[in-house]
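**Student:** Input: one structure, supplied below.
The values are calculated or read from the model by the stated rules, or taken from the named source; none is laboratory data. Computed from a prediction, not measured in an experiment: that's the story for all the values here. Methodologically, a virtual Cβ is constructed for each residue, glycine included, from the backbone with ideal geometry; neighbour enumeration extends over all protein chains shown. Only protein heavy atoms, including side chains, enter the accessible area calculation; ligands, DNA and RNA are left aside. Shrake-Rupley method; radii C 1.70, N 1.55, O 1.52, S 1.80 Å.
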Amino acid sequence: MSGIGVIAVTARGRAAAERLVEAWPDEARPVGADRPADALRAAFTECAAVVSFLAVGATVRVLAPLLGDKTDDTPVVCVDEGTRHAVAVLGGHHGANDLAHRVSEVLGSHPVVTTASDTVSVTPLDSYGHDLGFTLADRGPLATVGAAVLSGDPVRVEGAGEWPLPPLPGNADPSVPTGRASAVIRVSDRTGDGAEPGVPTLTYRPPSVVVGVGSARGAGADEVGRLVDRTLAEAGVAPDSVRGIATVDIKADEEGILAAARERGWEVTCYPAADLNEVRVPNPSETVRAEVGTPSVAEAAALRCAAEAGRGLGAGAELVAAKRKSGNATAAVARLRPRGRLAVVGLGPGARDQATPRAVAELRRASVVVGLDQYLDQVRDLLRPGTRVVVSGLGQEEERARTAVEEARTGAAVALVGSGDAGVYAMASPALDFAGADIDVVGVPGITAAVAASNLLGAPLGHDHAYVSLSDLHTPWEAIERRVRAVAEGDFTVCFYNPRSKKRDWQLTRALEILAEHRPSDTPVGHVRQVSREGERATMSTIQEMLAGGVEEVDMFTVVIVGSSASRTVAGRFVTPRGYRWRG
Ligand code: SAH
């Protein structure tokens, strides 16, 4: 097996094939065009790889009888005659994906790669940490460092630890030792960090420090600005990492401070003296206390503001420059500890196009994804290379919630995933029960089963409706029955979750009997099994039919919607009228 066999039958195809042969004289060779099917088959068995200028369909049809195990199929790339696309058709992971890129370099086509792990690209470095406010100190090394990450070279990642960043592939890791790194990715607010000679280093500036400022009335912007710059320089802190200036609220209109901040593009945050009074500082002053009612302005305001921006009130900020003075001003610098991030993500009922773009973005944003194995299998191909996946089995809800929160507490960006909406009979509430103020929490809504089902059935939720879970695993049946009764008396349309299992086989029947006491027995009932998943089945029925055996079709993969007394079936569709009288 040797070389790349290139096959083309039309004049345009042959011209493009010729360009490949010219570009790779030692590798590529044309294979006979007289009997293309035979030539293609021969190339597939004899060559190390094949570039076919036949359509994908034609190529696959000819080769189909020869296809074996995916690990030993010859890589095949198909290119259209217009050389717009180079499609990796067979053997993606053992050559075709790369070949599609190489072909594209020569022909100016677009590589089309459809194998799962290659469709989600590595987190792009030019926007790494962008949503956290990171800026690049110097874009210069971007291309070299990016190439090192993509080529799998050892890249040391420094200082990213506590920032909830997106993942990078395994070769980019904090443990790569000095001397072995081909490149360095550094997250640092320090100006003095040296670089290893000859090792390209990409430095991100995180928004990690706050400058606290105090001044006498009328102190000029120049004086304040010079003091701030000097304080940062002496502390070795990069001005690009400054989030803003903090001070006491009686300085809210102090023009010198405001102008110095404005010139540097920073915001000013002010705190009441009483709040600053609570902050412990290394250099309190009785003179200051007598004047403004707190013994420290610069140090206390810097610490306070950094702590709020980071890990919640009063905790986690450190002073990196103690108070410095000029004639009429004081300045100090505090560094915050960033907060981890927990995204609670609803994946929708099943089908990929019923997950929101935001849910997909959050999955790619996370460096740790926690969830039930069956849901994670649904989305594994969406995760960026380097994402750590923590799976658990059915029933271990508390453990899953705790794991997700603990991971976020270490500073990581964590996504806790659930089907439908993660807040509906799912993981959001146990997770938020554990989560403290020391992590950020973001909820991403998903389409819940009842909403997906209602759209298949018609419009059963057109008026007031209620959700009831019939699972008495965590709720006593008396409580559930009381709610079903209230729903019956209130004449709500009702969506039953967890309706029926092998062990819990009478609850749905009982609930329907209660409803039947308050609404007609021909009230429509719709039930949908496996909404938007393989085997989806939507069924229309009535309370009466359900009680006469229809419940047998219902299991734990089913959601059941029972109409109100106003619901009807119109042309086979479930409709609950809106019930308002429009005034003309
Ligand atoms: N968080 C989920 C609900 C979890 S409770 C959501 O928002 O959809 C589990 C119950 O939800 C199941 O017993 C079933 O009643 C319902 N359910 C969830 N996904 C479903 C689907 N794809 N098809 C039908 N019912 C579903």
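**Student:** Would you mind listing the strands (runs of 3 or more DSSP E) fully within segment 301-356 where at least 3 residues are open to solvent by less than 10 Å² (accessible area, probe 1.4 Å)? Walk me through it before giving the result.
**Tutor:** On the way: elements: 318-325, 329-335, 340-346.
Counting at least 3 such residues, we get 329-335, 340-346.
**Student:** For segment 173-192, name all the residues that are of a type in the set (Asp, Glu) and over 25 Å from the mean Cα position of the chain (by Cα).
**Tutor:** Scanning segment 173-192 gives a single hit, ASP189.
**Student:** Among the numbered criteria (1) part of a helix (DSSP H, G or I); (2) under 22 Å from SER532 (Cβ atoms); (3) away from the ligand (no atom under 15 Å from the Cβ), which one does VAL369 miss?
**Tutor:** (1)
**Student:** Please tell me if GLY161 is closer than 30 Å to ASP438 by Cα and part of a loop (DSSP other than H, G, I, E, B).
**Tutor:** yes
**Student:** Against the definition (of a type outside the set (D, E, K, R) and in contact (Cβ under 8 Å) with a residue 24 or more places away in the chain), how does VAL451 come out, yes or no?
**Tutor:** The answer is no for VAL451.
**Student:** Can you confirm whether SER419 is crowded, with 21+ Cβ neighbours inside 10 Å and either out of contact with any strand residue (DSSP E or B) (no Cβ under 6 Å at 6 or more places or on another chain) or assigned by TED's automatic domain parsing to the domain that holds VAL494 (or both)?
**Tutor:** Against the criterion (crowded, with 21+ Cβ neighbours inside 10 Å and either out of contact with any strand residue (DSSP E or B) (no Cβ under 6 Å at 6 or more places or on another chain) or assigned by TED's automatic domain parsing to the domain that holds VAL494 (or both)), SER419 qualifies.
**Student:** Quickly run through segment 437-452 and pick out the residues that are away from the ligand (no atom under 12 Å from the Cβ) and either assigned to a helix (DSSP H, G or I) or at pLDDT below 95 (or both).
**Tutor:** ALA437, ASP438, ILE439, ASP440
**Student:** Same structure, new question: Filter segment 486-511 for residues that are surrounded by 15 or more Cβ atoms within 10 Å (Cβ to Cβ) and in contact with a Phe, Trp or Tyr (Cβ under 9 Å, 6 or more places away or on another chain) and give the result.
**Tutor:** Passing the criteria: VAL494, CYS495, PHE496, TYR497, ASN498, ARG500, GLN507, LEU508, ALA511.
**Student:** Restricting attention to segment 421-436, and to residues there that are touching a Lys or Arg at 6+ places or on another chain (Cβ under 9 Å) and in a loop (DSSP other than H, G, I, E, B), which single residue is nearest to the ligand (Cβ to nearest atom)?
**Tutor:** Looking at residues that are touching a Lys or Arg at 6+ places or on another chain (Cβ under 9 Å) and in a loop (DSSP other than H, G, I, E, B), I get MET427.
**Student:** Then there's this: Return yes or no: is THR135 open to solvent by 50 Å² or more (accessible area, probe 1.4 Å), closer than 16 Å to SER188 by Cβ and modelled with pLDDT of 90 or more?
**Tutor:** Yes, satisfied.
**Student:** Just to be sure, is GLU553 over 19 Å from ALA450 (Cα atoms) and away from the ligand (no atom under 11 Å from the Cβ)?
**Tutor:** no
**Student:** Let me ask something additional. In segment 453-482, how many are within 16 Å of the ligand (Cβ to nearest atom), under 22 Å from SER429 (Cβ atoms), open to solvent by 50 Å² or more (accessible area, probe 1.4 Å) and modelled with pLDDT of 95 or more?
**Tutor:** 2
**Student:** Quick check on segment 219-240. Is at least one of its residues among the basic types (Lys, Arg), over 14 Å from ALA137 (Cα atoms) and in contact (Cβ under 8 Å) with a residue 24 or more places away in the chain?
**Tutor:** Yes, segment 219-240 has at least one match.
**Student:** Find the strands (runs of 3 or more DSSP E) located wholly in segment 169-286 whose residues include 1 or more that are open to solvent by 50 Å² or more (accessible area, probe 1.4 Å), in contact with a Gly (Cβ under 9 Å, 6 or more places away or on another chain) and not assigned by TED's automatic domain parsing to the domain that holds GLU158, and list them.
**Tutor:** Per the criteria, 242-248, 267-271.
**Student:** Follow-up question, since we're still on this one. When you look at GLU397, is it within 12 Å of the ligand (Cβ to nearest atom) and open to solvent by 50 Å² or more (accessible area, probe 1.4 Å), yes or no?
**Tutor:** yes
**Student:** With respect to the numbered conditions (1) on the phi > 0 side of the Ramachandran plot; (2) assigned to a helix (DSSP H, G or I), which one is the sole condition not fulfilled by VAL106?
**Tutor:** (1)
**Student:** So in segment 20-39, with the set limited to residues that are acidic (Asp, Glu) and free of Cβ contacts under 8 Å to residues at least 24 places away in the same chain, which one is nearest to VAL62 (Cα to Cα)?
**Tutor:** Among residues in segment 20-39 that are acidic (Asp, Glu) and free of Cβ contacts under 8 Å to residues at least 24 places away in the same chain, the one nearest to VAL62 (Cα to Cα) is ASP38.
**Student:** Also, I was wondering about something else. Answer yes or no as to whether THR542 is in contact with an Asp or Glu (Cβ under 6 Å, 6 or more places away or on another chain), away from the ligand (no atom under 13 Å from the Cβ) and not basic (Lys, Arg).
**Tutor:** yes
**Student:** Checking SER521 against (1) assigned to a strand (DSSP E or B); (2) away from the ligand (no atom under 11 Å from the Cβ): exactly one of these is not met. Which one?
**Tutor:** Single failed check for SER521: (1).
**Student:** Still on this structure: Condition (residue is modelled with pLDDT under 95 and crowded, with 21+ Cβ neighbours inside 10 Å) applied to segment 115-122: is it met by at least one residue?
**Tutor:** No; the residues of segment 115-122 include none that is modelled with pLDDT under 95 and crowded, with 21+ Cβ neighbours inside 10 Å.
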